[in-house]
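Chemist: Shown below is the structure under consideration.
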Amino acid sequence: GDPAPTDGNPPPLRPQGLRSVQELEKGKVMTENAEARAGFESGFRKTFTSDPQKRDYAGANQDLDRALTLDPNFAAAYRTRGYAKFNLGVNVQDAVSDYLKAVELRPDYGEAHYALAFMYAMPGQGDPAKGAVHFKRAMELGVPDERELKEKFYSNP
């Protein structure tokens, strides 16, 4: 079939949903610092590109470290760096710490709550009670359940 639609930029992103242009734009407004914003966009695209061959988690981690040095209160950079760290095989707790920092800075950051719900659901790593709290908050904030966490982990009220 035809490839999924993207925004056409290198590395390309999906237009909507998690890990998309929509999330990128939402994240970019979380800082006033133009250099931090540029580092974030570069790191976000390297992390979440719709082209798996173009993913560069190590490069993304460097971009996001730079963005966070320029603006240590940039919640979207923490959320994205957490994902990059997780995919680098870095200690899961490092990724969780970044996600927690993102929701500490922005309690209404649904994508970060969703990431925590996913992490807390992981077998052997998890804390399903904490995950359920973050999953419920993500759903209240309108985050799409693209990974079917409700069905797999949080179906019991």
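The values are calculated or read from the model by the stated rules, or taken from the named source; none is laboratory data. This structure is a prediction, so every number in the text was calculated from the model and none was measured. Every residue, glycine among them, receives a Cβ derived from its backbone with ideal geometry; neighbour counts consider all protein chains shown. For accessibility, only protein heavy atoms count, side chains too; no ligands or nucleic acids. Shrake-Rupley method; radii C 1.70, N 1.55, O 1.52, S 1.80 Å.
Chemist: Show the residue pairs that are 6+ apart or on different chains and have beta-carbon atoms under 7 Å apart, the first residue being within segment 92-108 and open to solvent by less than 60 Å² (accessible area, probe 1.4 Å), the second being at pLDDT 95 or above and not in a helix (DSSP H, G or I).
Modeler: Within 7 Å, the pairs are Ala102/Tyr109; Val103/Tyr109; Leu105/Asn73.
Chemist: Just to be sure, is Ala67 in a helix (DSSP H, G or I), over 13 Å from Pro11 (Cα atoms), over 12 Å from the mean Cα position of the chain (by Cα) and not aromatic (Phe, Trp, Tyr)?
Modeler: When the stated conditions are applied, Ala67 passes them.
Chemist: When you look at Ala138, is it under 14 Å from the mean Cα position of the chain (by Cα), over 16 Å from Tyr78 (Cα atoms) and assigned to a helix (DSSP H, G or I), yes or no?
Modeler: So Ala138 passes the test.
To keep it simple, each residue is scored yes or no on (1) of a type in the set (S, T, N, Q); (2) more than 18 Å from Val103 (Cα to Cα); (3) in contact with a Ser or Thr (Cβ under 7 Å, 6 or more places away or on another chain).
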residue	(1), (2), (3)
Ala36	no, yes, no
Phe44	no, no, yes
Thr69	yes, yes, no
Phe74	no, no, yes
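Chemist: For segment 83-99, name all the residues that are over 18 Å from Thr31 (Cα atoms) and in a helix (DSSP H, G or I).
Modeler: Tyr83, Ala84, Lys85, Phe86, Asn87, Val92, Gln93, Asp94, Ala95, Val96, Ser97
Chemist: In segment 112-123, which residues are of a type outside the set (Gly, Ala, Ser), in a helix (DSSP H, G or I) and surrounded by fewer than 24 Cβ atoms within 10 Å (Cβ to Cβ)?
Modeler: Phe118, Met119, Tyr120
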